[in-house]
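Handing you this structure, nothing more for now.
Since every read-out is calculated from the coordinates, none of them should be taken as a lab result. Values in this document were obtained by computation on a predicted structure and should not be read as measured data. Here the Cβ positions follow ideal geometry from the backbone for every residue, glycine too, while neighbour counts run over all protein chains shown.
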Amino acid sequence: MAAAILTPLHDKLRPIAETMVPPIADLDDAAFLKVLALIDVRLAGEPPALGRQLRLFVKVLTFLPIFFALRTFGGLAPKRRLAFLEALQDCPIQKLRVGVWGLRTLIYLGYYTDPEVQAALGYRPRLDGWEGLAREKAQQAHEVHP
Amino acid sequence: MSRIDCDVAVIGSGAGGGTVVAALAELARAGKRVILFEKGTKLDRSRFNGREVDMAELLFEAGGSFPVVDHSVTLAFSEGVGGSTQVYTGTSLLPPKRVIERWNLPGVDHADLCERAEAFRVQNNAHLLPGPDINDNNRLFQKGCEALGWHAEQFPVNVKGCKGSSLCNLGCPNDAKMGTQQVQIPAARAAGVELVTRAKVRTVRAGDAGGILDVEVSAAPHPHGKIAQSEWEPGRYEVHAHTVVVAGGAVHSPALLLRSGFGLDLPVLGRYWTCQPAHILVGEHDKPLTNAIGHPKSFLYDQRVAEDRYFVEACMYFPFVTAKNLTGFGPEHHRLLKAYERLQMILVLACDDALPDQRVTIDAAGEPVVHYKLMPPTITALCKATRAAAQIFFAAGALAVHAPSARPTLLTRADKDHIDARISERHFLPGSVSVSAAHLMGGCRMGTTTATSVTTPHGQVHGQPWLYVADASLFPTAIEVNPYLTVMALADHVAQAVLARESH
Ligand SMILES: Cc1cc2nc3c(=O)[nH]c(=O)nc-3n(C[C@H](O)[C@H](O)[C@H](O)COP(=O)(O)OP(=O)(O)OC[C@H]3O[C@@H](n4cnc5c(N)ncnc54)[C@H](O)[C@@H]3O)c2cc1C
Ligand code: SF4
């Protein structure tokens, strides 16, 4: 099992992840932990410093809004959460932009690589390409007019 | 440490190394010992399940997202038998005359490189896909260009028995894509060239009669389960070779030579590193398209490359790569992903300058570190490319276009006549726009003097008659097309010099 890097911060990460990928709000705790576990597997091969930077960045995102809104990130209304992250994404400090980019990319990795999520988006790998598509179409036609 | 002797040692089995061993097959046939070392493993198609996360980890270094130091760009390159040809799309374009002439290298002639590249086109079965095999995504690219009065060029792709699974960048599950693992390396092995996988060359140094390699054969378990063991027992080997050819790719070749200490005599080693920074754009149509089915790439528009330093190609990527490449997050981002079946995709690529401070160095462990920044002319080229792509999407009938360098990023048809104003360098903030590069070049550039280059125009490292380089790191400047055929042509050109040395 991969070392726990982001999983221990699941409570702080949840509002961030839900803002970045809205359907994450529909996941129960176990499913959300699965998303984080996949990220941890990816991070396992990276230098430990990266894990430390990411954990620090999650804490920065959580507590930074206190200076502007007297609330943690989780305490902000959904619209303000989004506006806050968008402001950081386009801010003049490249390190902050990179931090937002990196975290959202990891959350996308944890969520959008799930085969069920991909199928819901209308994607699934067809190893046999055109043949597979033709077969599926024939099957669908058969189901409609058996 | 066990000692092994051979005539020629080739390091790296990608487009460069695979080509070199095929050219050296005649030495093997004549009884000489030629060994090909590859730090990755040999994978067969049964491992290619088309799943993004599995394949990214199995085939790519750093999962396909090797970061440059300032994290503004991620690099994609592969390890394993075939190198990056395992994951390339197979776009087969000849070396451009303008670039080769600008290199102005004695003995590196455009007509000669084209002749070699043509031979590889034939060897790799590169051909134009017939009409019925072209999917909607490519057709719309062509349609958009035509509507604008622009010329969309159909290019050859190197496939044999392609089923159109659109998974080329995740390893072909049908053995249909002709990489070096498919074509050149099997031919070389049949002639007697030895392949040693999971064998990382740590250093090379001069010996009495050639070079000495410090090779480490790994037995470490692979994070993705059972993979083939090396042909050699795990452990450290000292390999004595009369000639050594380095073909580890544009990131690893400079790193290997730097950790071997050649940087002291070669001031530009690792420098003038360059690439074709690229990003994806999507256009949303009103009905589903065949996009993730069919070979992903057949058309490009490159009429502005000389003046504006960009070209654009039809492309298709998988949901995670798409999510990563779209700028931003939140409801609008997810809405576009939900429209996946209705998305048309275009890849925009910039042709970069090769600059001395863009370079590969090594960290304390001797591993590569890439110092690369997106310079203003490159950002301008990407913005121009984005404007061109947006026009193609709308001309093809798209309802909306996601442009990373626009704020807000979504352009609707109402923006159609204001594309130039909406897409701007102002919004292209390195770090927030996803830029990646798979066409990596330079770091061991060819040239005529030690002050300005690492190798001679024949790929021989200055001052080291036994040591050659034969891969994309040789490029003195960025090439303006997809590079693999130029890499092969140059590697073949270097192999002729190696053959000449070995026959003396
Ligand atoms: C996703 C993707 C799609 C692409 N699509 C196209 C395309 O359609 N058309 C096109 O023209 N180009 C394409 N390219 C680019 C093309 O694949 C590369 O330009 C080409 O493969 C570079 O060849 P190379 O020999 O320099 O390096 P590589 O092919 O990367 O090979 C280098 C090899 O050396 C090995 N190695 C490195 N260091 C060591 C060491 N110390 N010891 C042992 N082994 C070592 C590596 O593991 C690797 O296998 C694509 C690239 C990618 C990543
Ligand atoms: S599209 Fe063709 S070449 Fe590409 S992975 Fe599928 S079968 Fe292989």
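Return the FRET efficiency for the residue pair B:Glu118, A:Ala25: r is the Cβ-Cβ distance, R0 is 56 Å, and the value is rounded to the nearest 0.05.
Calculated value: 0.50.
Between rounded, prolate and oblate, where does the protein assembly as shown land on the alpha carbon gyration tensor, with a ≥ b ≥ c its root eigenvalues, rounded for a/c under 1.5, else prolate if a/b exceeds b/c? List each step's numbers first, then the result.
On the way: a/c = 1.59, a/b = 1.42, b/c = 1.12.
The shape class here is prolate.
Over the stretch A:7-113, calculate the relative contact order: mean separation of alpha carbon pairs under 8 Å at least 6 apart, over the residue count, as a percent. Before the final figure, lay out the partial values.
Details: 78 pairs, mean separation 38.0, N = 107.
So the answer I get is 36 percent.
What are the trypsin sites (Lys or Arg not before Pro) within the stretch B:230-299 that DSSP puts in a loop, where the Cβ has at most 15 other Cβ atoms within 10 Å? Please report the intermediate quantities before stating the final value.
On the way: sites: B:Arg236, B:Arg259, B:Arg271, B:Lys297; in loops: B:Arg271, B:Lys297.
Loop-located and lightly packed - none at all.
Related question: Pop the C-beta distance of B:Ala111 and A:Glu136 into the FRET formula with R0 = 45 Å and round what comes out to the nearest 0.05. Walk me through the intermediate numbers first.
Numbers: r = 49 Å, r/R0 = 1.09.
Computed FRET efficiency for B:Ala111 and A:Glu136 comes out at 0.40.
Over chain A, with a single point scatterer placed on each C-alpha, what log10 of the ratio I(q)/I(0) does the Debye formula yield at q = 0.17, 0.18, 0.21 1/Å?
For chain A, the Cα-only Debye profile gives -0.96, -1.05, -1.34.
Only helical DSSP H runs with n ≥ 4 go in: add -39500 (n - 2.57) per run for chain B, normalise by residue count and round the 222 nm mean residue ellipticity to 500 deg cm²/dmol.
Details: 14 runs with 136 residues, N = 504.
About -8000 deg cm²/dmol.
Could you grab the relative contact order for the stretch A:50-146? Cα pairs under 8 Å, six or more apart, rounded to a whole percent. Numbers along the way, then the final one.
Numbers: 37 pairs, mean separation 11.8, N = 97.
Taking the mean separation of contacting Cα pairs over the length of the stretch A:50-146, I get 12 percent.
Quick one: which of B:Lys163/B:Lys287; B:Lys384/B:Lys416; B:Lys143/B:Lys177; B:Lys143/B:Lys324; A:Lys34/B:Lys42 span more than 19 angstrom between C-alpha atoms? Before the final figure, lay out each step's value.
Values: B:Lys163/B:Lys287 24 Å; B:Lys384/B:Lys416 15 Å; B:Lys143/B:Lys177 27 Å; B:Lys143/B:Lys324 27 Å; A:Lys34/B:Lys42 31 Å.
As for pairs spanning more than 19 Å Cα to Cα, those are B:Lys163/B:Lys287; B:Lys143/B:Lys177; B:Lys143/B:Lys324; A:Lys34/B:Lys42.
Taking chain A as a Gaussian network, Cα atoms linked when under 10 Å apart, which of A:Lys59, A:Lys34, A:Lys95 shows the biggest mean-square fluctuation?
A:Lys95
Kindly put B:Lys160, A:Lys137 in sequence by how many other C-beta atoms sit within 10 Å of each C-beta, fewest to most.
Details: B:Lys160 15, A:Lys137 10.
Ranking B:Lys160, A:Lys137 by Cβ neighbours within 10 Å, fewest first, gives A:Lys137, B:Lys160.
Give the average, rounded to an integer, of partner chain Cβ atoms located within 10 angstrom of each Cβ in A:89-96.
Working: counts 7, 7, 3, 1, 1, 7, 3, 2.
Per-residue shielding by partner chains comes out at 4.
While we're here: With everything on Cα atoms, drop me the angle between helix A:78-89 and the longest principal axis of chain A, reported from 0 to 90° to the nearest 10.
Approximately 80 degrees, to the nearest ten.
Sticking with this structure for a sec: By DSSP, what percent of the beta bridges with both residues in chain B are antiparallel, rounded to the nearest 5? Please list the in-between numbers first.
Values: 55 of 78 bridges.
Around 70 percent antiparallel, to the nearest 5.
For labels at B:Thr449 and B:Ala209 in the simple 7 Å Cα→Cβ model, what's the distance in nm?
Placing both labels 7 Å beyond Cα along the Cβ direction yields 3.7 nm.
For chain A, what does the helix formula give at 222 nm: sum of -39500 (n - 2.57) over DSSP H segments with n ≥ 4, over the residue count, nearest 500 deg cm²/dmol? It would help to have the intermediate numbers written out before the result.
Working: 8 runs with 102 residues, N = 146.
After summing the helix terms and dividing by residue count, I get -22000 deg cm²/dmol.
Roughly how far apart, in whole Å, are the Cα centres of the stretch B:259-282 and the stretch B:111-135?
Spelled out, the Cα-based centre of one part sits 28 Å from the other.
Ok, one more. Does anyone have the angle between helix B:376-395 and the longest principal axis of chain B? Alpha-carbon axes, 0 to 90°, nearest 10?
50 degrees
Contact order normalised by length for the stretch B:198-319, with contacts defined as Cα pairs under 8 Å and 6 or more residues apart; what percent is it? Intermediate values should be presented prior to the final figure.
Numbers: 133 pairs, mean separation 21.2, N = 122.
Worked out over the stretch B:198-319, it gives 17 percent.
Based on other C-beta atoms within 10 Å, arrange B:Thr243, B:Thr74, B:Thr449, B:Thr274 from fewest to most. Mind showing how you got there, number by number?
Working: B:Thr243 24, B:Thr74 19, B:Thr449 9, B:Thr274 28.
So the ranking, lowest neighbour count to highest, is B:Thr449, B:Thr74, B:Thr243, B:Thr274.
Moving to a separate point now. In what sequence do B:Ile100, A:Ile39 fall when counting other Cβ within 10 Å, fewest first?
Details: B:Ile100 21, A:Ile39 24.
Ordered by Cβ neighbours within 10 Å, fewest first: B:Ile100, A:Ile39.
What chymotrypsin sites (Phe, Trp or Tyr not before Pro) in the stretch B:388-461 are in a loop by DSSP, with at most 16 other Cβ atoms within 10 Å of the Cβ?
none
How many angstrom separate the Cα center of the stretch B:1-71 from the Cα center of the stretch B:293-346?
Taking the Cα centre of the stretch B:293-346 as reference, the centre of the stretch B:1-71 is 29 Å away.
Quick one: pull the percentage of alpha-carbon pairs in chain B with a separation above 44 Å.
Values: 14823 of 126756 pairs.
That fraction is 12 percent.
State the dimensionless ratio Rg/Rh of the stretch B:275-331 (Rg: radius of gyration of Cα atoms; Rh: Kirkwood radius). Present the calculation step by step, with values, prior to reporting the outcome.
Details: Rg = 13.6 Å, Rh = 13.6 Å.
My calculation of the ratio gives 1.00.
Would you calculate the separation in nanometres between label points at A:Leu70 and A:Ile93, each defined as 7 Å from the Cα along the Cα-to-beta-carbon direction?
With each label placed 7 Å out from Cα toward Cβ, I get 2.4 nm.
Amide H to amide H under 5 Å from B:Tyr310: which residues, 5+ apart in sequence or cross-chain, H placed 1.01 Å off N in plane?
Those qualifying (amide H under 5 Å, at least 5 residues apart or on another chain) are B:Val305, B:Cys351.
To continue, here is another question. Using only Cα atoms, tell me the angle between helix A:48-63 and the longest principal axis of chain A; keep it within 0 to 90° and round to the nearest 10.
Once rounded, one gets 70 degrees.
To continue, here is another question. What is the distance in Å between the Cα centroid of the stretch A:1-74 and that of the stretch B:417-467?
35 Å
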